[in-house]
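Dropping the structure in here first, questions after.
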Amino acid sequence: MKPDGGPPPLTLGTAGHIDHGKTALVGALTGRHTDRLAEEHQRGISIELGYAPLELPGGRRLSVVDVPGHERFVRTMVAGASGIDLFMLCVAADDGVMPQTREHAAVLRQLGVEHGVLAVTKADLADPGRALAEARELVPQAEAVPVSAPERRGLAELLEALEGCAARLPGRAAAPGPARLHVDRSFSLRGIGTVVTGTLWAGELGAGDSVSVLPRGLRGRVRSVEVHDRTVARADAGQRVALALSGVDRRDVVRGDVVCGEGAAVAPTYRVDAELSLERDARPLRRGERLHVHHGTREAPARVAPLEGERLDAGARGLAQLRLEAPLVPLAGDRLVLRRLAPPATIGGGLVVDPEPRRHGGDPEQVARLRVLARGELPAAAPAEPAARPLPAAAPPDPLALQIAELLRADGPRPRPDAELAAAAGLSAREAARALRALEQAGAAVRVARNLHFHPEPLAELRRRVVAMCERDGEATVAGVRDELGTSRRYAQALLEHLDSERVTRRVGDAHVLRTRRSPTG
Ligand SMILES: Nc1nc2c(ncn2[C@@H]2O[C@H](COP(=O)(O)OP(=O)(O)OP(=O)(O)O)[C@@H](O)[C@H]2O)c(=O)[nH]1
Ligand SMILES: [Mg+2]
């Protein structure tokens, strides 16, 4: 319940295959056409997330997120669904259950969105019986209502079903702790500046609050807060909000970023220990397999290291460490969605058990520790713990240095040059240089070239990959490293020169070879 005693704020998300009438139905229910882009109108499909407020007959208001059904936009659907409390799964009477009907249902299941309503759309075109029976198997607990958007048939029954479902949900208003908002849109408004929108997952935010934008660690301040197009003093957990931010450039905040209030315990991470669960029809997940991990409105490629055996079978659960190629910003207890890259498919999901583990394997103590954490038996796993998580263990507590460390860590394998670091942290060149020296001494930054520093973790990963290249090919060249790591020539060159100076490699003509070359058979 909200402090004023009203019902908790809830967000309804659409789901379903392309062309199955999601946007038309949202339009018929809310009076708002949520496809805004010219390309959406030309192609007659949704591409981006759409938003509208929905007034229920009893006067309660829901926020609606309308998602695209096209198979190429499932990642957008996952971002939209990550903030919802209940679903409206749309299945066309004349088409029945199709691939993205199943895939969206799997995403909802993995996100833990269990409640919602099944709308059998286009009931004016075909008998809804078959589609209804097929879809029931996917969401057996959902009330089903046949509807026709153009004929406005079934809308009253649908609203009643939604109202009944909403009445049974607790919402996120009970989520205490520091504020965090997963950004799903960012834009700039004339006279207002940078605006971000998203669902407030926890805590509350109001005008004047200091915030940080992760993973880059930018600092800003909330200028104003809007809920349903109206300015409010403060917004609560569970509300869809628009925040006007000062001190943050529009180009520096994008979908996937996390806006956190003071004292938030979240931090960007390149490793996550999670309890994974694979969908029943998924291929087994093997050690080292590369996949996409979705969290909040963000996603990152990762390799999976199962901790209980060599693989995870279809329909099974198991602990694994996800080694991420780009940072995520999760807390223990958050949900993840796992997608295979080629061919793309949602194969499962997970529950974050340790959002910042060290690199480890499946030794029995680790597994036992994670099992305890997964059951929520240790206070360390409580997501509402307001204490800030420590940054690199040896880093000095100087807040300016910590801010730089955070930026470096967030930039991963392509850190911005020192001058840009200084600008982003609001420091002079001299202050930034001092902070960087302190971080180097504490082992929280590594100088790789003149005016270029790396966070030690992504640097270690790059080093590992270059060493692997040398072991495979006998040598590494600037062009080869650039192509293999998908980086620029400048970074590739800086990295190789750094490895030469570290005596990992040595230069031979245009190539670099390992100093202690292991024999290919050993
Ligand atoms: N006859 C009939 N046509 C419908 C109905 N609902 C939607 N349509 C039509 O079906 C087409 C697709 O509808 P949309 O609402 O755009 O479908 P969608 O599920 O939002 O599609 P994507 O967002 O691209 O996944 C449009 O031409 C609609 O006018 C319905 O109940 N009856
Ligand atoms: Mg649509």
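Which of (1) surrounded by 13 or more Cβ atoms within 10 Å (Cβ to Cβ); (2) at pLDDT 50 or above; (3) closer than 30 Å to Val74 by Cα does Pro383 not meet, given it meets every other one?
Unmet condition: (2).
Taking only the range 194-218 into account, find how many residues are of a type outside the set (D, E, K, R), farther than 14 Å from Gly261 by Cα and either at pLDDT below 90 or in contact with a helix residue (DSSP H, G or I) (Cβ under 6 Å, 6 or more places away or on another chain) (or both).
Within the range 194-218, residues that are of a type outside the set (D, E, K, R), farther than 14 Å from Gly261 by Cα and either at pLDDT below 90 or in contact with a helix residue (DSSP H, G or I) (Cβ under 6 Å, 6 or more places away or on another chain) (or both) number 1.
Which condition number does Thr34 fail, the rest of (1) within 9 Å of ligand 1 (Cβ to nearest atom); (2) within 22 Å of Val227 (Cα to Cα); (3) surrounded by fewer than 24 Cβ atoms within 10 Å (Cβ to Cβ); (4) modelled with pLDDT of 95 or more being met?
Here Thr34 clears every test but (4).
Return the only residue of Arg221, Arg153 being charged (D, E, K, R), within 16 Å of ligand 1 (Cβ to nearest atom) and modelled with pLDDT of 95 or more. Walk me through how you get there before you give the answer.
On the way: Arg221 fails: within 16 Å of ligand 1 (Cβ to nearest atom).
Residue meeting the stated conditions: Arg153.
Which residues, counting only those in the range 328-346, are open to solvent by less than 10 Å² (accessible area, probe 1.4 Å) and part of a strand (DSSP E or B)?
Across the range 328-346, the qualifying residues are Leu328, Leu336, Val337, Leu338.
Taking the range 41-72 as the region of interest, how many residues are more than 16 Å from ligand 1 (Cβ to nearest atom) and assigned to a loop (DSSP other than H, G, I, E, B)? Walk me through how you get there before you give the answer.
Restricting attention to the range 41-72, the residues satisfying the condition of being more than 16 Å from ligand 1 (Cβ to nearest atom) are 53, 55-63.
Checking the rest, the ones that are also assigned to a loop (DSSP other than H, G, I, E, B) come to 56-60.
Number satisfying all stated conditions: 5.
Please verify whether the range 18-26 includes one or more residues that are of a type in the set (Ser, Thr, Tyr), within 11 Å of ligand 2 (Cβ to nearest atom) and open to solvent by 10 Å² or more (accessible area, probe 1.4 Å).
Start the filter on the range 18-26 by keeping residues that are of a type in the set (Ser, Thr, Tyr), which leaves 23.
Add one more test, that the residue is within 11 Å of ligand 2 (Cβ to nearest atom), and what stays is 23.
So of that shortlist, the ones also open to solvent by 10 Å² or more (accessible area, probe 1.4 Å) come out as 23.
Yes, because at least one residue in the range 18-26 is of a type in the set (Ser, Thr, Tyr), within 11 Å of ligand 2 (Cβ to nearest atom) and open to solvent by 10 Å² or more (accessible area, probe 1.4 Å).
Return yes or no: is Gly83 open to solvent by 40 Å² or more (accessible area, probe 1.4 Å), more than 10 Å from ligand 2 (Cβ to nearest atom), more than 26 Å from Asp124 (Cα to Cα) and part of a loop (DSSP other than H, G, I, E, B)? Can you show your working first?
Numbers: open to solvent by 40 Å² or more (accessible area, probe 1.4 Å): no; more than 10 Å from ligand 2 (Cβ to nearest atom): yes; more than 26 Å from Asp124 (Cα to Cα): yes; part of a loop (DSSP other than H, G, I, E, B): yes.
So Gly83 fails the test.
Show me the helices (runs of 4 or more DSSP H) entirely contained within the range 417-522 in which 2 or more residues are in contact with a Pro (Cβ under 7 Å, 6 or more places away or on another chain) and surrounded by 13 or more Cβ atoms within 10 Å (Cβ to Cβ). Before the answer, list the steps.
Numbers: elements: 418-425, 429-441, 456-473, 478-485, 489-501.
The qualifying helices (runs of 4 or more DSSP H) are 456-473.
Would you mention how many residues in the range 246-277 are free of Cβ contacts under 8 Å to residues at least 60 places away in the same chain and closer than 20 Å to Arg298 by Cα? Give the derivation first.
Restricting attention to the range 246-277, the residues satisfying the condition of being free of Cβ contacts under 8 Å to residues at least 60 places away in the same chain are 246-249, 251.
Filter once more, so that each one left must be closer than 20 Å to Arg298 by Cα: 248-249, 251.
Total meeting the criteria: 3.
Which numbered condition trips up Leu319, out of (1) open to solvent by 10 Å² or more (accessible area, probe 1.4 Å); (2) part of a strand (DSSP E or B); (3) touching a helix residue (DSSP H, G or I) at 6+ places or on another chain (Cβ under 8 Å)?
(1)
In the range 216-256, which residues are in a loop (DSSP other than H, G, I, E, B) and not aliphatic (A, V, I, L, M)?
Within the range 216-256, Arg216, Gly217, His228, Asp229, Asp236, Gly238, Gln239, Gly247, Asp249, Arg255, Gly256 meet the criteria.
Here are Ala133, Ala106: which of them is out of contact with any helix residue (DSSP H, G or I) (no Cβ under 6 Å at 6 or more places or on another chain), farther than 24 Å from Leu278 by Cβ and either modelled with pLDDT of 95 or more or more than 10 Å from ligand 1 (Cβ to nearest atom) (or both)?
Being out of contact with any helix residue (DSSP H, G or I) (no Cβ under 6 Å at 6 or more places or on another chain), farther than 24 Å from Leu278 by Cβ and either modelled with pLDDT of 95 or more or more than 10 Å from ligand 1 (Cβ to nearest atom) (or both) holds for just one of Ala133, Ala106, which is Ala133.
Can you find a residue in the range 276-299 that is in a strand (DSSP E or B) and in contact with a Phe, Trp or Tyr (Cβ under 9 Å, 6 or more places away or on another chain)? Reasoning before the result, please.
Just the residues of the range 276-299 that are in a strand (DSSP E or B), to begin with: 276-278, 285-286, 290-295, 298-299.
Subset that is in contact with a Phe, Trp or Tyr (Cβ under 9 Å, 6 or more places away or on another chain): none.
Looking through the range 276-299, none of the residues is in a strand (DSSP E or B) and in contact with a Phe, Trp or Tyr (Cβ under 9 Å, 6 or more places away or on another chain).
Only residues that are touching a residue at least 40 places away in the same chain (Cβ under 8 Å) and charged (D, E, K, R): list them for the range 295-318, please.
Step one: list which residues in the range 295-318 are touching a residue at least 40 places away in the same chain (Cβ under 8 Å), which gives 295-299, 301, 305-309, 317-318.
If the condition is that a residue be touching a residue at least 40 places away in the same chain (Cβ under 8 Å) and charged (D, E, K, R), then Arg298, Glu299, Glu308, Arg317 are the ones that fit.
Among the residues of the range 99-147, how many are β-branched (Val, Ile, Thr) and touching a Cys at 6+ places or on another chain (Cβ under 7 Å)?
Residues flagged as β-branched (Val, Ile, Thr) and touching a Cys at 6+ places or on another chain (Cβ under 7 Å) within the range 99-147 amount to 2.
All but one of (1) open to solvent by 40 Å² or more (accessible area, probe 1.4 Å); (2) without any contact (Cβ under 8 Å) to a residue 60 or more places away in the chain; (3) over 25 Å from Arg255 (Cα atoms); (4) more than 12 Å from ligand 1 (Cβ to nearest atom) hold for Asp94; state the number of the condition that does not hold.
(4)
The values are calculated or read from the model by the stated rules, or taken from the named source; none is laboratory data. Keep in mind that this is a model prediction, so the values were computed, not measured. Glycine gets a Cβ as well: all are built from the backbone with ideal geometry, and neighbour counts include every protein chain shown. Ligands, DNA and RNA are excluded from the accessible area calculation, which covers all protein heavy atoms including side chains. Shrake-Rupley method; radii C 1.70, N 1.55, O 1.52, S 1.80 Å.
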